[in-house]
Structures are given as structure tokens and as C-alpha cells.
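Novice: Quick one: the structure is below, questions incoming.
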Amino acid sequence: MQNILIIYTSTGLGHKKIAENIASVLKSDVENSVDLLDLYDIESGNLKKYGEKLYYFLLKYFPGIWEFFYINKVFIKTTLPFRTLVARFNSRKLAEVLTNKHYDVVVSAHANSSAIVSKLKNKGVYTGKFVIAFSDYHLHRYWLYDNADLYLANIDEQKQEMVSRGIAPQKIVLCGMTLQKEESVIDKQTVRNNYGLKESDRVIAVLAGSRGFGMNSDIIDELAKIDASIFVVCGTSEETKIRLIEKYRDYPNIKVLGYTNIRELVAIANIVVTKPGGLTVAECLEQRVPILVSHFLPGQERLNIEYLKEHNLIMPLFLDYHRAVKDELETEAFANMLKENPDVKLIVQYGEGIREAIAKL
């Protein structure tokens, strides 16, 4: 039996869902005891208080600065030694958690929690195995720690770059993007009925991300001209939802939704217009639904685009969204190509490799 703790942060829902998906896989072994923990539920230091606010402030008003922080090699190399130093000021509560209960394995699904676990392991507060999970289609040096025992790599390029940096191949398991394998098959007709759709209606799903951040309503204006039902999902952002409901109240083919069942909506969509978050992309690829990138976070999601374009996992980037979506609805060219793309199966995974690798630690 293994006692396993999976830590994430609620900065974005993607990290939380990856953690939950991994937890579901590990819980399938009835001998495992698996706990989930949001780091920000227990740590109330300045990292939580100001870090998240600064992050979203930069994304909104100074995206170029955030991208510089994220990709500039000189900046990254200079600041790498300070990761665990900063973590020291936000580690007290997690240290208590790891002291009060014995965990054989800690899985970290976010860079902030990884820094803290690494610090606590170096100090001997935590003596179990340390596993790091990724949720994007690139590699960042901030995610790597010498005292990690296992890395859960989403793509081969991540693995190869880690090996080139001196990480032993046996410490890396190539596992794709972990999804939960649903036991029930979606009844698409029932879903369409629930959304008030006719059998002939074509569906465009516009996903603004978990926080509705960065969605350009000009794109929705272009899509509104297409003969299709358009569902705009605003995630948890009430502000974005209210603003878009007001703007499109007189558009009968546009429905603005809050947080909803994305799996069901994607299942009935002919095309998804969204930003290239790691988990969102995998959920669309699972059902072989074409993805057209509408916007992206600077830094991490721009790097995701590079990989996804190279492997033909997203549609080519267009400035004319109206034409791109209209052509795909008429021809289904990209949808048909996705069905034959072998890289889809490498991304869409259900954690079998993770369960086996952690069992061997």
C-alpha cells in the first residue's frame, strides 16, 4: 500500500484537473490511499497573496513582460537558484501536512508546489518519493529539480530535453496528457436536445478558458455571421459572462454559458475555438474535434502552439476566423486529418503508465 499526496494550485483549473485525473488513476489501485491538496488552501503567505495578482496583472496589461520572464534564457538562468529560497517563506503549512501524516509519494502538479516539496526534501522534512507532473507541451527549466525521483512527461520532446540536461531516462515516464477514462458513452442526441439543437444544426464551441481571460469578442463577431449554433463558455468568470450576455442578447444563434460540462459540449461540436491550454487541447483531441486557436497566454501557451502546429494537432493559425471556420464546417478537412494523425493517441492517455511507474518507486 502507498500513501500518496497530490498537490496542485488553483491558479488555473487545468492544474487542478490534471491533479484530479492523476488521482483517479492512482485510486483505481485499491491498495493506494490518495489525498488531493490545493497548496493555496493552506499556504497564506505573500506568494499566494500577491503572486497570483501580479501574474494576472502582467498577463492583462504587460503580456510582453510576462513572456520575457517566461522564455528569456538569461533571466531564467539568473533566477533559478532563488526558487527554493522563495519557497522557504511559503512552506510552513505544507511541512506540517507532511509531518502529521506519512506519505510514500508526493506528486506535484504545479511549479510552486514543486519548489516547496523540493525545499522540504532537501531539509529532510519529507523523506518519501517526489514526482513532478507537467500540463503543457513544452519544457521549462523551473519545473526541474535534482531531488525529483520521477517526471511525468506529456510528450517525447520534453523527455529528450530532460535527458539532454542530464536527467536519467529511467526517471522519466512518457504518459501523454492524463485524462479520466469515462465509463459512460456520451449520448450526443440527448446532449443536443438539452441544448435545444436540431439534428441539422452545426455547432461551434468557443472556450474562453477557466477564467475567461483574454477572449477577444471581435472573433465572436466574425463567427456570428456563420450559419451555426455558437456556444461561448466563460469558465468561472462572471464578469466575462455578464459582459458577453449583454453584448449578444440579440443574437439568436449565440448562447453564453458559465462553467459547464466541457466534455459533453466538445462531443457535439464541429469545431472548437479556444486557447491552447494543455488539458483543453487533449480533451478536444480525445474526440477528434478540430481546434482553432483564438487567443493564448504569453509564454507557456505560445510555446504550446509551436509543438501543436508542428504535429498538425491544431488548425493553421488564421487571421480570417470566419473563413477558416466556415471552410472547416463545409469540408471537415481537418477533422478527417485528425482521425488519421498518430500523434493524437500519444497525447490522449489515461494514466496506465503513471500507475505502473509510481508503483515501482
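The values are calculated or read from the model by the stated rules, or taken from the named source; none is laboratory data. This is a predicted model, so every value here is computed, not measured. Note that we place each Cβ from the backbone using ideal geometry, even for glycine, and neighbour counts take in every protein chain shown. The area values use the complete protein model at the heavy-atom level, side chains included, leaving out ligands, DNA and RNA. Shrake-Rupley method; radii C 1.70, N 1.55, O 1.52, S 1.80 Å.
Novice: Return the distance in nm (one decimal) between the two label points of a simple spin-label model at Glu239 and Asp156, each offset 7 Å from Cα along Cα→Cβ.
Specialist: 4.4
Novice: So if we plug the beta-carbon distance of Glu356 and Asn72 into 1/(1 + (r/R0)^6) with R0 = 35 Å, what FRET efficiency do we get, rounded to 0.05?
Specialist: On the way: r = 38 Å, r/R0 = 1.08.
E(calc), rounded to 0.05, equals 0.40.
Novice: Can you spot the lysines whose alpha carbon is less than 16 Å from Lys326's alpha carbon? Ignore those fewer than 8 places along the same chain.
Specialist: By straight Cα distance, Lys326 reaches Lys225.
Novice: Same structure again: Calculate, for the chain, the solvent-accessible area per residue in square angstrom, rolling a 1.4 angstrom probe over the heavy atoms of the protein chains. Could you put the intermediate results ahead of the total?
Specialist: Details: 17380 Å² over 361 residues.
Spelled out: the 1.4 Å probe surface of the chain, per residue, equals 48 Å².
Novice: OK, next. Spelling out what I want: for every residue of region 115-121, take phi, set θ = phi - 60°, compute 6.51 cos²θ - 1.76 cosθ + 1.60 (Karplus), and round to whole Hz; glycine and proline get x.
Specialist: Ordered by residue, 3J(HN,Hα) equals 4, 5, 4, 4, 4, 5, 6 Hz.
Novice: Would you grab the residues whose amide H sits under 5 Å from the one on Thr236? Only those 5+ places off in sequence or on another chain, please, with H modelled 1.01 Å from N.
Specialist: Arg211, Gly212
Novice: Using the Cα centre of the chain as origin and beta-carbon charges of +1 (Lys, Arg) and -1 (Asp, Glu), tell me which of Ile22, Asn122, Val173 is placed farthest towards the positive end of the dipole.
Specialist: Asn122
Novice: Before rounding to the nearest 500, sum -39500 (n - 2.57) across all DSSP H runs of length at least 4 in the chain and divide by the residue total; then give [θ] at 222 nm in deg cm²/dmol.
Specialist: On the way: 19 runs with 163 residues, N = 361.
The helix contribution divided over the chain gives -12500 deg cm²/dmol.
Novice: Calculate the spin-label point distance for Leu85 paired with Thr331, positioning each point 7 Å from the Cα along the beta-carbon direction, and give it in nanometres.
Specialist: 5.5
Novice: Going Cα to Cα from Lys16, which lysines come in below 18 Å? Please leave out same-chain ones fewer than 8 positions away.
Specialist: Within the straight-line limit of under 18 Å, Lys16 reaches these lysines: Lys27, Lys48, Lys181, Lys275.
Novice: How large is ³J(HN,Hα), in whole Hz, for each residue of region 70-85 in order, when computed from phi with the Karplus curve 6.51 cos²θ - 1.76 cosθ + 1.60 and θ = phi - 60°, using x for Gly and Pro?
Specialist: Those phi angles translate into 7, 10, 5, 5, 5, 4, 4, 4, 5, 8, 3, x, 8, 4, 6, 5 Hz.
Novice: Tell me, what ³J(HN,Hα) does each residue in region 217-223 have, in order and in whole Hz, if you take phi through Karplus 6.51 cos²θ - 1.76 cosθ + 1.60 with θ = phi - 60° and put x for Gly and Pro?
Specialist: Those phi angles translate into 5, 4, 5, 5, 4, 5, 5 Hz.
Novice: How far is it, in nm, from the label point at Lys53 to the one at Ile65 when both lie 7 Å from their Cα along the line to the Cβ?
Specialist: 1.5
Novice: GluC sites (Glu not before Pro), restricted to region 134-240: which are DSSP loop and have at most 11 other Cβ atoms within 10 Å? If you can, show how the numbers build up before the last one.
Specialist: Values: sites: Glu157, Glu161, Glu182, Glu183, Glu199, Glu222, Glu238, Glu239; in loops: Glu182, Glu183, Glu199.
Sites meeting the loop and neighbour criteria: Glu182, Glu183, Glu199.
Novice: Shifting gears a bit: Between Asn261 and His102, what length comes free when the chain is fully extended (0.36 nm per residue of separation minus the Cα-Cα distance, one decimal in nm)? Don't jump to the answer; show the numbers that get you there.
Specialist: Numbers: separation 159, 0.36 × 159 = 57.24 nm, distance 3.58 nm.
Going from the current span to full extension adds 53.7 nm.
Novice: I've got another one for you. Given C-alpha coordinates of the chain, what is the ratio Rg to Rh with the Kirkwood estimate of Rh?
Specialist: Values: Rg = 20.9 Å, Rh = 21.5 Å.
Reported Rg/Rh, Kirkwood definition of Rh: 0.97.
Novice: Report, to the nearest whole %, how much of the accessible area of the chain belongs to carbon and sulfur atoms, 1.4 Å probe, protein only. Before the final figure, lay out each step's value.
Specialist: Numbers: 8830 of 17380 Å².
Roughly 51 percent, rounded to a whole number.
Novice: Further question: Skipping prolines and chain starts, which residues have an amide H placed within reach, meaning under 5 Å, of the one on Ser108, given they are 5 or more residues away or on another chain?
Specialist: Ile7, Val131, Ile132, Ala133
Novice: OK, next. Mind telling me which of Lys123, Lys171, Lys27 comes out most flexible in a GNM of the chain, alpha-carbon contacts under 10 Å?
Specialist: Lys123
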